[in-house]
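The values are calculated or read from the model by the stated rules, or taken from the named source; none is laboratory data. What you are looking at is a predicted structure, and each value in this text was computed from that prediction instead of being measured. For neighbour counting, all protein chains shown are included, and Cβ atoms are generated from backbone atoms with ideal geometry for every residue, glycine included. In case anyone asks, the SASA skips ligands and DNA or RNA and just uses the protein heavy atoms, side chains included. Shrake-Rupley method; radii C 1.70, N 1.55, O 1.52, S 1.80 Å.
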Amino acid sequence: TPVQIKEFGAINKIDFSPVAPYNYAVTASSRIHIYGRYSQEPIKTFSRFRDAAYCATYRGDGSLLVAGSEEGSIRLFDISGKAPLRQFDGHTKAVHVAGFLSDKYRIFSGGDDYASNLWDIPSGTEIVSFSEHTDYVRCGCASKVNADVFITGSYDHTVKLFDARTRSSIMTIDHGQPVESVLLFPSGGLLVSAGGRYVKVWDVLKGGQLLVSLKNHHKTVTCLCLNSSGQRLLSGSLDRHVKIYSTTSYKVVHSFNYATSILSLALSPEDETIVVGMTNGVLNVKHRKPEERKEKSQQKRQPAYRTHMKGRTYMPKQEDFFVSKPAKRVLRKYDKLLKSFQSSKALDAVLEPPIRLHTPEVTVAVMQELHRRGTLRSALAGRDEKQINLLLTFVARRVIEPRFTPVLVTVADMITDIYHPVVGQSAIVDRQFLKLQEAIGKEIDYQEELLEVLGMMDTLFASFTKKRDTYQEDKQNNGLTEMIETNVN
């Protein structure tokens, strides 16, 4: 059952803290309330605004909060304090957009004076101001991949991509309607814009190419949100609906209906809580239903000891037909993981010391199986320093063994291909790469020496064969001469 909380005015922004316990900030009227995930009363309030407050947003570490205001100033708050740490003055009209760049030391903002500004937190000064929009700037977001890139959307129907290192926008996208909300995927490659009845997805890497245009709402779409895995896109609208799309097919997979028009929407980092803010000042909080625990089945009464022992001492007679009970085969851990297609975990299982050191043939066999399935590269990728060190140590030690060489050469090639961009970042990994290079170099030298020895042996065998043929021929000739002399006599 959803929890309903009444605020003082229309709720224009909801933002979850990115760190546990995942409190969320609600901006409504001239106040910012901080709520715990299960609390129905605010646990903290920031009310140092003379007029309306807008867009309270958490920093990536959850320790700071930035918010715009109707009077045109931007305030920076410490979550543990009450008074603003900084105030940034530069906009001449209301600031509806404020957020942090991913480097955590700069703030971007957008206001009704058509300006998009960048601010330095330590000095409290303006770094750069972009005045390219021709109408109110009402939404924005920052790239998580590039600390210099941020995006703003405006009522002039455009979405502009700005880079702090340049003096002008680097990309402009025409949405076709006044833009109410923008959202950037965590990878930084896809951009979602909402305005009018449309939700549009753009490919930033292809210069702002339109991928899909969604028209599932009957009124203006006001807010957008992504789940933690990026597999679900949520949109809220004035038509009182929240639509949930699959980001693979962009089809609506679910829909929520609310009492009045929706202005803001947020999803907790664990996808456990969805919070919706409405125009009538009501905050609607829904929690995911906990998974029902399966009732423990009543344990059957175990048979008595004598039942187990009955017939154990029976000796079969000569005419008896003896039926042997097949032994139950227990799969090894790595076999179970291979059976369930968990490639990376299967590789981890065979790199454990007992298997790696005493039965390396099992480790190599699993690598060969993963290569046969085509999943070896993905199993090797995404590993930390310790795991890369372990892999390289095993490969460097065993690649020179003839029975393992065909498989481990492929593995070494893949590891080098995957991790060559990080060479130079870890002394341990660099040392292991050098050891692998040294081991392969020595093996090549041995092979060259062996080939030389084989050449020598081939020459010797060839000369031995030639001498033997000559000897046999001489012997045959001598025998023929003796026969002729005997006949003559």
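Given a Förster distance of 56 Å, report the FRET efficiency between ARG329 and SER131 from their Cβ-Cβ distance, rounded to the nearest 0.05.
0.15
At a 1.4 Å probe radius, which order do ASP174, ASP103, ASP445, ASP112 fall into by accessible area, largest first?
Putting ASP174, ASP103, ASP445, ASP112 in descending order of accessible area: ASP174, ASP445, ASP103, ASP112.
For the modelled label position 7 Å from the Cα of LEU434 along Cα-to-Cβ, which residues of region 363-397 have backbone nitrogen atoms closer than 20 Å?
So the set is 385-397.
By how many nm would the segment from ILE400 to ILE43 grow when fully extended, if each residue of separation counts as 0.36 nm and the alpha-carbon distance is taken off?
So the extension gain works out to 122.1 nm.
Taking amide hydrogens as modeled 1.01 Å from N in the peptide plane, which residues meet the under 5 Å criterion relative to THR158, leaving out close sequence neighbours?
HIS175, VAL179
What is the angle, in °, between the Cα long axis of helix 405-419 and the longest principal axis of the Cα atoms in the chain? Nearest 10 is fine, range 0 to 90.
Tilt relative to the chain: about 20 degrees.
Given PHE256, LEU370, PHE404, which one lies farthest toward the positive end of the charge dipole of the chain, if we put +1 on the Cβ of every Lys and Arg and -1 on the Cβ of every Asp and Glu?
The Cα lying farthest towards the positive end belongs to PHE256.
Let me check something: with ligands and nucleic acids excluded, how do MET456, MET278, MET309, MET315 order by accessible area (1.4 Å probe), largest to smallest?
Heavy-atom accessible area, descending, gives MET315, MET456, MET309, MET278.
Given the -39500 (n - 2.57) contribution per DSSP H run of 4+ residues, what per-residue ellipticity at 222 nm results for the chain, rounded to the nearest 500 deg cm²/dmol?
Estimated from H runs of four or more residues: -9000 deg cm²/dmol.
If you filter region 368-471 for trypsin sites (Lys or Arg not before Pro), then keep DSSP loop positions with at most 11 other Cβ within 10 Å, what is left?
Sparse-neighbourhood loop trypsin sites (Lys or Arg not before Pro): ARG403.
Treating only the Cβ of Lys, Arg, Asp and Glu as charged (+1, +1, -1, -1), what charge dipole size does region 66-137 show about its Cα centre? Round to the nearest 20 debye.
340 debye
Starting from region 244-292, pick out the trypsin sites (Lys or Arg not before Pro) whose DSSP state is loop and whose Cβ has at most 15 other Cβ atoms within 10 Å.
Hits after loop and neighbour filter: LYS251, ARG288.
Expressed as an acute angle from 0 to 90° and rounded to the nearest 10, what is the orientation of the C-alpha long axis of helix 360-373 relative to the principal long axis of the chain?
Around 60 degrees separate the two axes.
Can you compute the label reach from GLN4? Point 7 Å from Cα along the Cβ direction, backbone N cut-off under 14 Å, restricted to region 238-269.
258-261
So which trypsin sites (Lys or Arg not before Pro) in region 33-105 pass both tests, a DSSP loop state and at most 12 other Cβ atoms within 10 Å of the Cβ?
Qualifying residues, ordered by number: ARG50, LYS82.
If we sort 121-131, 345-355, 8-18 on the protection proxy, mean other Cβ atoms within 10 Å, highest first, what's the order?
Highest mean packing first, the order is 8-18, 345-355, 121-131.
Taking R0 as 51 Å, what's the FRET efficiency between ALA304 and LEU357 from their Cβ-Cβ distance, rounded to 0.05?
0.65
Can you tally the net charge around VAL422? Count Lys and Arg as +1, Asp and Glu as -1, for every other residue whose Cβ sits under 11 Å from the Cβ of VAL422.
-2
Between ILE418 and ASP89, with labels modelled 7 Å along Cα→Cβ, what's the label distance in nm to one decimal, could you check?
It works out to 5.6 nm between the two label points.
With the crude spin-label approximation of a point 7 Å out along Cα→Cβ, what separation in nm comes out for ASP51 versus GLN209?
4.5 nm
Roughly what would the spin-label model give for ARG312 and TYR105, points 7 Å off Cα along C-beta, in nm?
Here the answer is 7.5 nm between the modelled labels.
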